[in-house]
1. Kindly check whether there is at least one residue in the range 9-16 that is part of a loop (DSSP other than H, G, I, E, B) and either of a type outside the set (S, T, N, Q) or open to solvent by less than 70 Å² (accessible area, probe 1.4 Å) (or both).
2. Starting from the range 49-63, take each residue that is farther than 12 Å from residue 7 by Cα and list its partners that are open to solvent by 70 Å² or more (accessible area, probe 1.4 Å) and of a type in the set (A, V, I, L, M), counting only C-beta distances under 8 angstrom and pairs at least six apart or across chains.
3. Of all residues in the range 40-60, which are in a helix (DSSP H, G or I) and exposed (fewer than 12 other Cβ atoms within 10 Å of the Cβ)?
4. Could you count how many residues in the range 40-64 are aliphatic (A, V, I, L, M) and under 12 Å from the mean Cα position of the chain (by Cα)?
5. Out of everything in the range 17-39 that is surrounded by 12 or more Cβ atoms within 10 Å (Cβ to Cβ) and among the charged types (D, E, K, R), what residue ends up being farthest from residue 61 (Cα to Cα)?
6. Could you check the range 24-48 and list, in sequence order, the residues that are farther than 12 Å from residue 6 by Cα and free of Cβ contacts under 8 Å to residues at least 24 places away in the same chain?
Amino acid sequence: MKFFVTGVNGQLGHDVMNELQKRGHTGVGSDIQEKYSGVEDGSAVTKMPYVQLDITSAEAVKKV
């Protein structure tokens with residue numbers, strides 16, 4: 001299954017993405033920063049697809 005996870009630069013989003021990978025799922029992460037800027041620990045989240053998104057912008061959410 002494929003999941004879209006917001007807030008991956010934070011601790012919870014980071015952990016959710018890694019847990020998805022452990023359970024055999026695919027995750028696409030997003031956050032407000034242009035590129036992933038969370039913990040660079042070499043875990044799955046650092047290698048999964050990332051999309052810049054400001055979820056407070058309805059236009060941006062529709063586009064993504």
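The values are calculated or read from the model by the stated rules, or taken from the named source; none is laboratory data. All values derive from a computational prediction rather than experimental measurement. Reconstructed Cβ throughout: ideal geometry from the backbone, glycine too, with neighbour counts over all protein chains shown. Only protein heavy atoms, including side chains, enter the accessible area calculation; ligands, DNA and RNA are left aside. Shrake-Rupley method; radii C 1.70, N 1.55, O 1.52, S 1.80 Å.
1. Yes.
2. Once the first residue is farther than 12 Å from residue 7 by Cα and sits in the range 49-63, its partners that are open to solvent by 70 Å² or more (accessible area, probe 1.4 Å) and of a type in the set (A, V, I, L, M) give 61/55.
3. 58, 59
4. 5
5. The residue in question is 19.
6. 24, 34, 35, 40, 41, 42, 46, 47
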